[in-house]
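Everything on this sheet refers to the single structure shown next.
The values are calculated or read from the model by the stated rules, or taken from the named source; none is laboratory data. As the structure is a prediction and not an experimental result, all values here were calculated from the model. A quick note on method: Cβ atoms are made from the backbone with ideal geometry, for glycine too, and the neighbour counts reach across all protein chains shown. The protein model used for the area step is the full one, side chains on, heavy atoms only, and it has no ligands, DNA or RNA in it. Shrake-Rupley method; radii C 1.70, N 1.55, O 1.52, S 1.80 Å.
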Amino acid sequence: AIAKSLNFGYENQFTSLAIGTGALYPEAGTIIEMGGNSSKYLRISADGESDVRILDYEINGDCAGGTGAFMDQQASRLQYTVEEIGDVVLGATSSPVIAGRCTVFSKTDMVHAQQRGYSPAQILKGLCEAVVRNFKGTVVKGKSMVSPVIVTGGMAANSGIIQAVIDIFGLEAGDVIVPP
């Protein structure tokens, strides 16, 4: 409404993400956006800003499970800031299996992992893996992941999430780009 009233152009969030990524990373094949309240998958074909095509896309459903907001809550519960999670997680050599489809089940699994003696680093690693498994199963749903994969959104600042993306999607570290 604001764009229309000011005679400005308007693009939806998918098109904006595709155009911006294509302009900065014309070699991009896939975009993963994991934010505080939503997650997106886009397959694009880019040849600079003027020729970006969305080949396929998906967004998470209404449940906030697996989004950054839940990650923030759980980090705080374990007395970490979200900015600290990545370094903490990368030091963990193992992790418990945490449910990723529902935040209630995730939280329950995390509490049980604490009771079984897992460290906060291991639990947070398990949570990062659960978030990415949930994203793969509910958003990507077997769609192709073409490299390079651009990872955006607030969750991209969490190196534990990035490592989980690499591991769970079977990518190489060089296949993933996290824009500054």
Subset of the stretch 150-169 (residues that are open to solvent by 20 Å² or more (accessible area, probe 1.4 Å) and in contact (Cβ under 8 Å) with a residue 60 or more places away in the chain)
152, 153, 154, 157, 159, 162, 163
Considering only residues of the stretch 89-107 that are open to solvent by 30 Å² or more (accessible area, probe 1.4 Å) and modelled with pLDDT of 85 or more, which is nearest to residue 163 (Cα to Cα)?
90
Could we say that residue 55 is assigned to a strand (DSSP E or B), open to solvent by 50 Å² or more (accessible area, probe 1.4 Å), out of contact with any Pro (no Cβ under 9 Å at 6 or more places or on another chain) and closer than 22 Å to residue 149 by Cβ here?
yes
Go through the residues of the stretch 31-47 one by one and say whether even a single one is more than 22 Å from residue 167 (Cβ to Cβ), in contact (Cβ under 8 Å) with a residue 40 or more places away in the chain and loosely packed, with under 14 Cβ neighbours inside 10 Å.
no
